[in-house]
Amino acid sequence: MVAGLIGFVVLFPFDGPISRTLKNLPIGGDVKREILTIQQFGGISSLVLVGLLVWLLDRARWRRLHDLTLAAVSTWGAVAVLKILIGRPRPRFDRPWTFLGPFRRIMVDPQMEMRHSWEVWGNIASKLWSMPSSHTSAAAALAAFLMVSYPKLKWLVIGWVAIVGLARVLVGAHYPTDVVVGACIGFMVSLPIVEGGYGQRLADRLSKLFGRAA
């Protein structure tokens, strides 16, 4: 959290220039395709892949997948709420200093209508969901699971989260501080869940509850 706060304070004044510079880099071909692939680390497909690998290669730890599931869902929920509460327009609007919150509105569509950050229909609200980065938070959630379950992977997965964040800025989806905040939330939510085995505890309680009901 301290590292994230420092990163936010340092980067925030330069959010606009950094974002414009990186997204305007002439990147194409295989490099661009690789970037688009890398940013999905932490997404559903990678969660399923990690789950299958743990199940096939490390059956003794399979119950930890409950922790991974709870961490991923909890991180997604926290980020979704914060996106609406913060209401920061995407870099395409080039308004890095604007934070709408849930009450202010901005013009986002061709019909020139004013919209709130909570208007989820018509793919409108996502244009106002720049902070925090959900891709980066998801990557941090998966990284938290891997670094706790397999400590030797710690710096590898932390570095991968940083690469995911960079990729999100390169594709013009986020400002640098968006990915910093996203990473912090992912780790802050997921690490306690994985370290405390709360997913396994929840699974055990649900199993007992439904067992009794049956």
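Which residue pairs have Cβ atoms closer than 9 Å, lie 6 or more positions apart in sequence or on different chains, and pair a first residue in the stretch 168-196 that is touching a residue at least 60 places away in the same chain (Cβ under 8 Å) and crowded, with 23+ Cβ neighbours inside 10 Å with a second residue that is among the hydrophobic types (A, V, I, L, M, F, W, C) and not in a helix (DSSP H, G or I)?
Pairs found: His174/Met131; Tyr175/Met131; Thr177/Met131; Asp178/Met131; Val181/Met131; Gly182/Met131.
Please go through the stretch 65-110 and pick out each residue that is among the basic types (Lys, Arg), in contact (Cβ under 8 Å) with a residue 60 or more places away in the chain and part of a loop (DSSP other than H, G, I, E, B).
Selection gives Arg88, Arg90.
Cβ-Cβ distance below 7 Å, separation of 6 or more or different chains: which pairs start in the stretch 198-210 with a residue that is of a type in the set (Ser, Thr, Tyr) and end on one that is at pLDDT 95 or above and surrounded by 13 or more Cβ atoms within 10 Å (Cβ to Cβ)?
Close Cβ pairs (under 7 Å, with a partner that is at pLDDT 95 or above and surrounded by 13 or more Cβ atoms within 10 Å (Cβ to Cβ)) amount to Tyr198/Asp67; Tyr198/Leu70.
State whether the residues of the stretch 100-113 include one that is crowded, with 17+ Cβ neighbours inside 10 Å and of a type in the set (Lys, Arg).
No, because not a single residue in the stretch 100-113 is crowded, with 17+ Cβ neighbours inside 10 Å and of a type in the set (Lys, Arg).
Got a number for residues in the stretch 97-137 being at pLDDT below 90, at negative phi and among the small types (Gly, Ala, Ser)?
Within the stretch 97-137, residues that are at pLDDT below 90, at negative phi and among the small types (Gly, Ala, Ser) number 3.
Of everything in the stretch 146-167 that's of a type in the set (A, V, I, L, M) and more than 15 Å from the chain's Cα centre (by Cα), which residue is surrounded by the fewest Cβ atoms within 10 Å (Cβ to Cβ)?
Only one residue fits best here, namely Leu156.
For every residue, the table says whether it meets (1) modelled with pLDDT under 95; (2) within 18 Å of the chain's Cα centre (by Cα); (3) surrounded by fewer than 14 Cβ atoms within 10 Å (Cβ to Cβ).
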position: Ile38; (1), (2), (3): yes, yes, no
position: Gly43; (1), (2), (3): yes, yes, no
position: Asp58; (1), (2), (3): yes, no, yes
position: His66; (1), (2), (3): no, no, no
position: Ala71; (1), (2), (3): no, yes, no
position: Thr75; (1), (2), (3): no, yes, no
position: Ala78; (1), (2), (3): no, yes, no
position: Ile84; (1), (2), (3): yes, yes, no
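Pairs only if they're at least six apart or on different chains, beta carbon under 9 angstrom, first in the stretch 149-167 and closer than 17 Å to Ser46 by Cα, second among the aliphatic types (A, V, I, L, M) and not in a helix (DSSP H, G or I); list them, first residue then second.
Ala167/Ala173
Looking at the stretch 174-214 only, could you name the residues that are under 30 Å from Asn24 (Cα atoms) and of a type in the set (S, T, N, Q)?
Within the stretch 174-214, just Thr177 meets the criteria.
The values are calculated or read from the model by the stated rules, or taken from the named source; none is laboratory data. Owing to the predicted nature of the structure, the values given are computational and were not obtained by experimental measurement. When we count neighbours, we look across all protein chains shown, and the Cβ atoms used for this are built from the backbone with ideal geometry, even at glycine.
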